[in-house]
């Protein structure tokens, strides 16, 4: 059996965070020596830390929250494609690639180097027009190896909104440097956080022969 491959950014106390957002921290609040039985830890974090999903509520007050999302969106057949030869990803760029007709999840390997401890000042651009193209191809989930599908300084979040308008959900900050193009089984389940705008996930792939 083919092994599962982890494509998750590890959550560490040195992981980069959005400027001005809550950084990740983990510490022990009680040690086994103190309790006599167990170590007990706590975390403090933004919900958009490391590998995570955006719920529509993140950018739309009337959008679904994490606990309202269908978990089946985040489990199933996915295609990984390499678009690292360009910093502007358009429908024409995606048109250069083929994937199976039953693929409903697309993961983009971009030109941005994976460095979890550095928040990038600039990232490759995803043109909002890709949303209509992907919708016509039956894509329901778009994953990227970047902290966002829009520029870090964007206020309009045009690509977030375009994807949502076409029924496409968002997975961000996956790590694909070690992943070859092809078809995979994907699991990237969010936590069932009531009312939340996003959630960290543990994202894994298994190659489909």
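Bear in mind that the values in this text are calculations on the coordinates, not laboratory data. Worth saying up front: this structure is predicted, and the values here are computed from it rather than measured. Glycine gets a Cβ as well: all are built from the backbone with ideal geometry, and neighbour counts include every protein chain shown.
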- Length gained if residue 208 through residue 29 is fully extended, taking 0.36 nm per residue and subtracting the Cα-Cα distance, is 60.2 nm
- How do the peptides 76-85, 165-174 rank, highest first, by the average count of neighbouring beta carbon atoms within 10 Å per residue? 165-174, 76-85
- Task: Please sort 37-48, 96-107 by packing, taking for each peptide the average over its residues of neighbouring beta carbons within 10 angstrom, highest first.
- Result: 96-107, 37-48
- Alpha carbon centre of the stretch 110-178 versus the stretch 4-72: separation in Å? 20
- Query: Among rounded, prolate and oblate, which fits the stretch 66-209 when a ≥ b ≥ c are the square roots of the eigenvalues of its C-alpha gyration tensor, a/c under 1.5 means rounded, and a/b larger than b/c means prolate?
  - Reply: rounded
- Taking the chain and counting helices only, DSSP H stretches of n ≥ 4 at -39,500 (n - 2.57) each over all residues, the nearest-500 ellipticity at 222 nm comes to -2500 deg cm²/dmol
- Task: Determine which residues of the stretch 27-59 fall in the zone a paramagnetic label at residue 14 would reach in this model, i.e. backbone nitrogen under 17 Å from the point 7 Å along Cα→Cβ.
- Result: 27, 50
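Starting from 0.36 nm per residue, how many nanometres of slack lie between residue 95 and residue 37 once their C-alpha separation is accounted for?
Extra length from residue 95 to residue 37 when fully extended: 15.1 nm.
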- What is the extension gain from residue 181 to residue 154, computed as 0.36 nm multiplied by their sequence separation minus the C-alpha to C-alpha distance, in nm to one decimal? 6.8 nm
